[in-house]
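The block underneath contains the structure these notes are about, expressed in structure tokens.
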Amino acid sequence: MKLNLKHTFTKELPADSVLENYRRQVKEACYSYVTPKQTKAPELIHVSNEMAQTLGIKEADLSTKLFTNVVTGNELLPGTKPYAMCYGGHQFGHWAGQLGDGRAINVFEVEHDNKQWTVQLKGAGETPYSRNADGLAVLRSSIREYLCSEAMFHLGIPTTRALSLALSGDEVLRDMLYDGNQAYEKGAIVSRVSPSFLRFGSYEIFAARQDHKTLKTLVDYTIKHHFSYLGLPSKETYIQFFAEVSQRSLEMILHWQRVGFVHGVMNTDNMSILGLTIDYGPYGWLEGFDFNWTPNTTDSQHKRYRYGNQPNIGLWNLYQLANALYPLIEETQPLEDILETYKTDFESKSLQMMKCKIGLEAVDDKDHLLIQALEDNLLLTETDMTIFFRNLSNFKKGDSKKGLEIIKDAFYTPNEVSDMIAQQWRDWFERYDLRLEKELLSDEERQLQMNAVNPKYVLRNYMAQLAIDDANKGDYKLIDELFHVLKKPYEEQPKYNKWFAKRPDWARHKVGCSMLSCSS
């Protein structure tokens, strides 16, 4: 396996001077060297050929024992020195101090086709940042991360990627719902890939410790390797850097809102500096359209990370990043201006995104009222978000009397659609039909455009759970099927129509299908 290996992160940033692997506070360092844990019987379950090609890994290499050993941490590529990253973070709104890669180990950097990537193993053993955890991962959470990161990429959403999914052969003790019921589960390892795994918390930790020297070193490194178009480091460049991170974060969150994705745990240590979706834990897709829904059991009371609050949390997290970068800028006004821009951009871009979802191009200053009325209607009875917007594309001009029929499959409990609710829908479709008269696109053209932003297939939690249940019995066919369905989420794929369906009743309250813990 010949790769164009690089070592920029470890060569250009300060390392932890302590080489022993024990839990501790790591000062004035961006990372600690650490060796992955040897596993009992590593077994490769699935590989993304597409991601392998992106890294320059030949198809013939994927079936070798070396590949399996490398992506499970049992063997290191010559000349590589794995490391875990140091960072802090705000968790559920409170400063948590040092966090760091507690169950992730970066094993190598590779350059291919003029792009540089870091390959990281999640679940490969303890690091100095593991705190009270074992640094391992279980099969269920690994399947969810593997499938979702690749699904998000094909939805057109900025994200980290996944290369492989493997069993470690070890048993791992977990308390899935934090309710005192511990049980052994199959251990697993995902190799995940990103240009960088730096997070907001990577900068916060040094600002919190008033270690401005390391803070500057890290920011300069980030600009040099990931934002080089901004120019050489300077106060002005730091301001532009923050503006760029702000815009990327907003774009990412708008994509989440577009497809109904809820991250579940938007702590600042789970916010990528590159504006990528990172750390797939207790995530979920909206089934019924609901601004207040969160998949995270830990957040079920306060719902800080609910669907409708994600844009606000993005802004809150950016405030924390602004505070971390302030020592390099020493001016509040430019940072505040950027945060204000985030607010106004969210309003305008959110409206534009919703207009795209319902097929509107022409300018009309009352569109926000039409969209508000639509969202109000979606809340009247449990209405499947994915099915509703996908089926809405079948609406044709002059179809206002057929509107309810076109979207009826999205209702979870059709007999709850009372005469009053039905009338509100009929009223809305009349307004929608009238508004479509201003559009120049034909019905067919509009349908194509709507279907390009409203996916037919998303990774609903019950789908992932079915794959997990089968995998626990040693059957991995469903993982492969979902992997391929989700590669073409906007295409019809008639042979996979069974996945274009509402959440089944059995999944409404089933663990893993409705609510998940941070250990998920």
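The values are calculated or read from the model by the stated rules, or taken from the named source; none is laboratory data. These figures come from a predicted structure and were not determined experimentally. No Cβ is skipped: glycine too gets one built from the backbone with ideal geometry, and neighbour counts run over all protein chains shown. The protein model used for the area step is the full one, side chains on, heavy atoms only, and it has no ligands, DNA or RNA in it. Shrake-Rupley method; radii C 1.70, N 1.55, O 1.52, S 1.80 Å.
May I ask you to list the residues in segment 1-45 that are modelled with pLDDT under 95 and among the charged types (D, E, K, R)?
Matches in segment 1-45: LYS2, LYS40.
Conditions (1) part of a helix (DSSP H, G or I); (2) hydroxyl-bearing (Ser, Thr, Tyr); (3) open to solvent by 10 Å² or more (accessible area, probe 1.4 Å), marked per residue:
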{"position": "ASN415", "(1), (2), (3)": "yes, no, yes"}
{"position": "ARG426", "(1), (2), (3)": "yes, no, yes"}
{"position": "ARG435", "(1), (2), (3)": "yes, no, yes"}
{"position": "LEU440", "(1), (2), (3)": "no, no, yes"}
{"position": "MET450", "(1), (2), (3)": "yes, no, no"}
{"position": "LYS502", "(1), (2), (3)": "no, no, yes"}
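Kindly establish whether LYS495 is within 23 Å of GLN449 (Cα to Cα), part of a loop (DSSP other than H, G, I, E, B) and out of contact with any Leu (no Cβ under 6 Å at 6 or more places or on another chain). First the steps, then the outcome.
Numbers: within 23 Å of GLN449 (Cα to Cα): yes; part of a loop (DSSP other than H, G, I, E, B): no; out of contact with any Leu (no Cβ under 6 Å at 6 or more places or on another chain): yes.
Spelling it out, it is not the case that LYS495 is within 23 Å of GLN449 (Cα to Cα), part of a loop (DSSP other than H, G, I, E, B) and out of contact with any Leu (no Cβ under 6 Å at 6 or more places or on another chain).
Suppose we filter LEU466, LEU478 for residues that are closer than 21 Å to LEU286 by Cα and modelled with pLDDT of 95 or more; which single one remains? Give the derivation first.
Details: LEU478 fails: closer than 21 Å to LEU286 by Cα.
Every option except LEU466 fails the conditions.
For SER32, all conditions in the list (1) in a loop (DSSP other than H, G, I, E, B); (2) in contact with a strand residue (DSSP E or B) (Cβ under 6 Å, 6 or more places away or on another chain); (3) within 30 Å of LYS216 (Cβ to Cβ) hold save one; what is the number of the exception?
(1)
So, in segment 189-206, of the ones that are touching a strand residue (DSSP E or B) at 6+ places or on another chain (Cβ under 6 Å) and in a helix (DSSP H, G or I), which residue ends up surrounded by the most Cβ atoms within 10 Å (Cβ to Cβ)?
Among residues in segment 189-206 that are touching a strand residue (DSSP E or B) at 6+ places or on another chain (Cβ under 6 Å) and in a helix (DSSP H, G or I), the one surrounded by the most Cβ atoms within 10 Å (Cβ to Cβ) is GLY201.
For segment 1-25, name all the residues that are outside any strand (DSSP E or B) and either in contact with a helix residue (DSSP H, G or I) (Cβ under 9 Å, 6 or more places away or on another chain) or under 15 Å from VAL70 (Cα atoms) (or both). Give the derivation first.
Taking segment 1-25 first, the residues outside any strand (DSSP E or B) are 1-4, 7-14, 16-25.
Passing the criteria: MET1, LYS2, LEU3, THR8, PHE9, GLU12, LEU13, PRO14.
Answer yes if at least one residue in segment 304-320 is among the charged types (D, E, K, R) and either open to solvent by less than 30 Å² (accessible area, probe 1.4 Å) or under 30 Å from ASP220 (Cβ atoms) (or both), and no otherwise.
Initial filter on segment 304-320 (among the charged types (D, E, K, R)): 304, 306.
Now restrict to residues that are either open to solvent by less than 30 Å² (accessible area, probe 1.4 Å) or under 30 Å from ASP220 (Cβ atoms) (or both): none.
Looking through segment 304-320, none of the residues is among the charged types (D, E, K, R) and either open to solvent by less than 30 Å² (accessible area, probe 1.4 Å) or under 30 Å from ASP220 (Cβ atoms) (or both).
Given the conditions (1) crowded, with 24+ Cβ neighbours inside 10 Å; (2) out of contact with any Cys (no Cβ under 7 Å at 6 or more places or on another chain); (3) of a type in the set (A, V, I, L, M, F, W, C); (4) under 20 Å from LEU5 (Cα atoms), which single one is not true for ALA124?
(4)
Would a scan of segment 185-206 turn up a residue that is touching a Lys or Arg at 6+ places or on another chain (Cβ under 8 Å), on the phi < 0 side of the Ramachandran plot and modelled with pLDDT under 95?
yes
Tell me, please, whether a residue that is in contact with a strand residue (DSSP E or B) (Cβ under 7 Å, 6 or more places away or on another chain) and part of a helix (DSSP H, G or I) can be found in segment 277-293.
no
Please go through segment 1-28 and give me each residue that is aliphatic (A, V, I, L, M) and surrounded by 13 or more Cβ atoms within 10 Å (Cβ to Cβ), ordered by number. Give the derivation first.
At the first step, the residues of segment 1-28 found to be aliphatic (A, V, I, L, M) are 1, 3, 5, 13, 15, 18-19, 26.
If the condition is that a residue be aliphatic (A, V, I, L, M) and surrounded by 13 or more Cβ atoms within 10 Å (Cβ to Cβ), then MET1, LEU3, LEU5, LEU13, ALA15, VAL18, VAL26 are the ones that fit.
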